[in-house]
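Engineer: One structure coming up, written as structure tokens, with questions to follow.
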Amino acid sequence: MASLRPDSTPTLSIDSRPSSVYLSSSIGESVPTTPRSEYDFNPETLDDSAPEKYILVTGGLGYIGSHTTLELLRAGYNVVVIDDLSNSYITVLERIQQLVDEHYNKLNRKSTPTLNFHNIDYRDSASLRAVLDQYVLPPFTAQPNQLTANRSKIVGVIHFAAFKAVAESIQIPLSYYANNVAGFIGLLETLGQYGIKTLAFSSSATVYGSVDQEDSVSIPEEFCVHAETMFYKDAELMRMQQGCTGLTNPYGRTKWMCEAILWDLSISDPEWRIVALRYFNPVGCDPSGLLGEDPLGIPNNIMPVICKVLREEIPILNVFGNDYNTVDGTGVRDFIHVTDLAKGHLAAMRAATEGELIAPFRTFNLGSGQGNSVLELVATMKKVSGKDIPLQFTDRRVGDVATCVAKPARAARELHWKTERQLIDSCRDTWNFLLKNPRGYRTD
């Protein structure tokens, strides 16, 4: 992990200015039992003489971004957050700092890592450069054989700033391509000019498209690749052509396009170290109840809709489809606690910054490997809340698939990461957030 130099007092700063063949072995390897994210830093080893180093988090006040920012700070990283607050709340920043202060107070540390916030749209090149200029290193002498020296205190980037609603992407596809793809290309160009070439990309299980899981208990990364790949499935050597099968919506296509761009970038410039993290279905909240999922506008994920029913803001939960070939006819998903997901980002960033990736570009599933149906999720929320959740079945939603469950063995093997929380933990933490925040983050 990068050496960090925390300030002498807790700091919160806000800036409101605007084709080869690859062999991938999936069997016969031992899986470490200790998650990489558990190897948290020892506060006593912080070196005050070391230069400051930061992780930049785009979209760092959103649902997943805020939890990842929190875990980065708890693990000793200085963090720079940029967020345009289009789907997040400024109060989240204060809550993150509160939780960080509490964490370090328990450790009897008077100093904490630095959290800096810049209220900008990541696609605004001039504003982004103004932010990055604040973290430029003093003049340096390039080292031999070094193609592009990193001239920034920012040693890595985690990119969350993307539109993410499947149904909405079908309605307004150009907005998704403009933000998620065109904006992302501009970000990469700018980062490269500052020599910042370590990136964790927020991808999605939607890149697997309409993969039929009836013949596969879980989805391995090899089901969507960017070069012809050989891999083992049930002890049989399989060949997978580059590309993916049956992408069902523009959102998923934007994620696949961005992965393809990152693959090409890693081939053209070997200095880049890139991980694409394919999320399955994040749920839950920080156990403190201070951070949670409270999207602006109409929610698209099932958990915030369930929360609206529990708050009696809407009368009933619509369940899209009950005729799938699943245990109870409803869709089956791999629900992963958001804290586990956040720690997966830490494990990925450490692997990238410490030279542990086995290739310049690497994809990882972040999921539990366990599937639960929509009705099982609803039943668990009813159990922890003690409240009824009225529901009705409606037609299948365009773009949905019956089953989507991760095979997370690669992340366990190479990142030393695995999930630690169960569905009931996610539901219990979500209910705790609801109890402590009856109106969510809203204060009006």
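The values are calculated or read from the model by the stated rules, or taken from the named source; none is laboratory data. Quantities reported herein were computed from a predicted structural model and do not represent experimental measurements. Neighbour counts run over all protein chains shown; Cβ positions are idealised from the backbone, glycine included. What goes into the accessible areas is simple: the full protein's heavy atoms, side chains included, and nothing from ligands, DNA or RNA. Shrake-Rupley method; radii C 1.70, N 1.55, O 1.52, S 1.80 Å.
Engineer: Within a Cβ distance under 14 Å of residue 239, other residues only, what is the Lys/Arg minus Asp/Glu net charge?
Structural biologist: -2
Engineer: Hey, another quick one. Just to confirm a number: summing +1 for Lys and Arg and -1 for Asp and Glu over residues other than residue 191 whose beta-carbon lies under 14 angstrom from that of residue 191, what do you get?
Structural biologist: Around residue 191, the surrounding residues sum to +2.
Engineer: I'd like the projected area of the stretch 305-444, averaged over all directions, using the convex hull of its alpha carbons. Report it in nm² with one decimal.
Structural biologist: Value for the stretch 305-444: 10.8 nm².
Engineer: Taking a ≥ b ≥ c as the square roots of the eigenvalues of the Cα gyration tensor of the stretch 57-100, is the shape rounded (a/c under 1.5), prolate (a/b larger than b/c) or oblate?
Structural biologist: Verdict is prolate for the stretch 57-100.
Engineer: For the stretch 330-401, which whole-number percentage of the solvent-accessible area (1.4 Å probe, protein heavy atoms only) is attributable to carbon and sulfur atoms?
Structural biologist: 46 percent
Engineer: Turning to a different aspect of this structure: Order these peptides, 157-163, 327-333, by their mean beta-carbon neighbour count within 10 angstrom, highest first.
Structural biologist: 157-163, 327-333
Engineer: Oh, and also: For the modelled label position 7 Å from the Cα of residue 241 along Cα-to-Cβ, which residues of the stretch 257-286 have backbone nitrogen atoms closer than 20 Å?
Structural biologist: Of the residues in the stretch 257-286, 257, 260-261, 264 have backbone N under 20 Å from the label point off residue 241.
Engineer: Hey, can you rank 419-429, 200-210 by average C-beta count inside 10 Å, highest first?
Structural biologist: Final packing ranking: 200-210, 419-429.
Engineer: Over all distinct Cα pairs, what is the inverse of the mean 1/r for the stretch 399-444, reported as the Kirkwood hydrodynamic radius in Å?
Structural biologist: Kirkwood hydrodynamic radius for the stretch 399-444: 14.0 Å.
Engineer: Would you mind giving the three semi-axes, in whole Å and largest first, of the ellipsoid equivalent to the stretch 95-144 according to its Cα gyration tensor?
Structural biologist: 30, 20, 7
Engineer: Still on this structure: Just add up the charged neighbours of residue 320: K/R +1, D/E -1, any other residue whose Cβ is under 9 Å from the Cβ of residue 320.
Structural biologist: Residues close to residue 320 contribute a combined charge of 0.
Engineer: Could you tell me the ratio Rg/Rh of the stretch 220-306? Both radii from Cα atoms, Rh via Kirkwood.
Structural biologist: 1.08
Engineer: Quick check on the stretch 148-260: what does the Kirkwood estimate of hydrodynamic radius come out to from the alpha carbon pairs, in Å?
Structural biologist: 15.9 Å is the Kirkwood radius here.
Engineer: Rounded if a/c is under 1.5, else prolate if a/b is larger than b/c, else oblate: which is the stretch 285-367, with a ≥ b ≥ c the root eigenvalues of its Cα gyration tensor?
Structural biologist: It comes out oblate by the Cα gyration axes.
Engineer: A further question follows. Just the number please: accessible area per residue for the stretch 223-364, 1.4 Å probe, all protein chains included, in Å².
Structural biologist: Per-residue accessible area for the stretch 223-364 comes out at 37 Å².
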